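**Q** Below you will find the structure I want to go over with you.
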Amino acid sequence: MDFGSRLREARKNKKLTQEDVSRDVDVDFTTISKYENNRSEPDNATLLKMADLYGVSIDYLMGRDVKDEDEATPDAEHLSSHTDSSNPKGEHEVDHIAAHLEGEYGIDDPNFTRFVKNIVKSVVEELDEMKAKDKK
């Protein structure tokens, strides 16, 4: 399924009109039509708003097989790579998430990134425990 078709399907699944979406994401309704007919592509901010509105991931809209976050639960090994200080890419990704949250919610706390990393680490530990229980 192409990008426009995924957008249209996600919108219809939420029983929204193009006009509804245009108001919620602050673009003209003709622009929504262009997106759904593959004549234009949204910028990243608009894409994120649409994914949130439709209750799907950006990955899904962009053509990956993941439809929502519940189906995309990362395993502990994947999450561990994002908190492991020996993995600069993982560290960078967590830093990027923290920076996004800081900007989106106006958070001005120098300890926020550390806080986010601790949350991810806690989730990894919990997933490891759940995985160990499942193996028994």
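**Q** Quick check on my filter: what residues within the stretch 12-28 are among the basic types (Lys, Arg), under 14 Å from Ala51 (Cα atoms) and out of contact with any helix residue (DSSP H, G or I) (no Cβ under 7 Å at 6 or more places or on another chain)? Even if it seems obvious, please write down each step before you answer.
**A** Filtering the stretch 12-28 for residues among the basic types (Lys, Arg) gives 12, 14-15, 23.
Checking which are under 14 Å from Ala51 (Cα atoms) leaves us with 12, 14.
Selection gives Lys12 alone.
**Q** Let me ask something additional. Please name all residue pairs, on different chains or six or more residues apart, with Cβ atoms under 8 Å, provided the first residue is in the stretch 34-50 and is over 10 Å from Phe3 (Cα atoms) and the second residue is modelled with pLDDT under 90.
**A** Hits for this filter: Leu47/Ile58; Leu47/Leu61; Leu48/Ile58; Met50/Leu61.
**Q** Same structure, new question: Quick check on my filter: what residues within the stretch 6-36 are of a type in the set (S, T, N, Q) and surrounded by 13 or more Cβ atoms within 10 Å (Cβ to Cβ)?
**A** In the first step, residues of the stretch 6-36 are kept if they are of a type in the set (S, T, N, Q); the result is 13, 17-18, 22, 30-31, 33.
Hits for the stretch 6-36 are Gln18, Ser22, Thr31, Ser33.
**Q** Another question, if that's okay. Among the residues of the stretch 102-120, which ones are under 19 Å from the mean Cα position of the chain (by Cα) and surrounded by 15 or more Cβ atoms within 10 Å (Cβ to Cβ)?
**A** Residues satisfying the conditions are Glu102, Thr113, Val116, Lys117, Val120.
The values are calculated or read from the model by the stated rules, or taken from the named source; none is laboratory data. All figures in this text were calculated on a predicted structure; none of them were measured in a lab. No Cβ is skipped: glycine too gets one built from the backbone with ideal geometry, and neighbour counts run over all protein chains shown.
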